[in-house]
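First up is the structure itself, then whatever we jot down about it.
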């Protein structure tokens, strides 16, 4: 019964292939979505930050108030935090003139601090045990830091160091695959492997987003941010609908066939 209750109350999804597909798409939408609101819609960085930041806080409150994992709410928070992380990085770099090296260092240190405080308080960083509000707050703080760090690191590698978007994406995919193989074949600790991959999928998504939308002269494919956002959001919505049905069936099965006491 305790095992079933833990599964039902955990506030985040199981880490599966679908999880990573949606995560990478969400990070890509975070990059292209910020550009769409900022440039295509003409809101500017500051106004876009206010709008998306407000929406993110509202949806995050719903997520925190729920007592279980709800796919639609959870992934909407991820998308919005992805956009917020991108905007934080872009505001520091574009509006305040902070270098990408500095922002990458700042966000990296911030992420380490969150992890240290989380571990000291809870003695675990395992995402399969997000069973309290405190752990969930640490979880979302870490995710925000990974998105901001990923944006700065991705731009630093692709643009400032002139690796280009395609090569940067290949590099991040390669490192993620090395982590995956090390976890499966060399017994790399699961929590370390998860967070390493989670951090790296953010700059991967940023590189993919820029590769798709930047002009050919800048090393991209020149696809409209509107098109990219629509296509990715439709795919994500379809997967979230599937996950919602799966989660509902799982909960009904638990109610019908509870574990013996």
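The values are calculated or read from the model by the stated rules, or taken from the named source; none is laboratory data. Computed from a predicted structure; not experimentally measured. All Cβ positions, even for glycine, are placed from backbone atoms using ideal geometry, and neighbour counts span all protein chains on display.
Overview of values
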{"quantity": "Checking residue 197 against (1) in contact with a helix residue (DSSP H, G or I) (Cβ under 6 Å, 6 or more places away or on another chain); (2) crowded, with 18+ Cβ neighbours inside 10 Å; (3) under 28 Å from residue 38 (Cβ atoms), the condition it does not meet", "calculated": "(3)"}
{"quantity": "Every residue from the stretch 185-206 that is over 18 Å from residue 23 (Cβ atoms) and modelled with pLDDT under 90", "calculated": "186, 187"}
{"quantity": "In the stretch 110-140, residue nearest to the chain's Cα centre (by Cα) [restricted to those that are exposed (fewer than 12 other Cβ atoms within 10 Å of the Cβ) and farther than 17 Å from residue 196 by Cβ]", "calculated": "133"}
{"quantity": "Which listed residue is under 24 Å from residue 136 (Cα atoms), touching a residue at least 12 places away in the same chain (Cβ under 8 Å), surrounded by fewer than 20 Cβ atoms within 10 Å (Cβ to Cβ) and in contact with a helix residue (DSSP H, G or I) (Cβ under 9 Å, 6 or more places away or on another chain), from 20, 75", "calculated": "20"}
{"quantity": "Filter result for residue 156 (in a helix (DSSP H, G or I) and over 25 Å from residue 33 (Cβ atoms))", "calculated": "no"}
{"quantity": "Residues of the stretch 12-41 satisfying the condition of being within 19 Å of residue 209 (Cα to Cα) and outside any helix (DSSP H, G or I)", "calculated": "41"}
{"quantity": "Only listed residue being touching a helix residue (DSSP H, G or I) at 6+ places or on another chain (Cβ under 6 Å), part of a helix (DSSP H, G or I) and either closer than 19 Å to residue 76 by Cα or modelled with pLDDT of 90 or more (or both), chosen from 231, 240", "calculated": "240"}
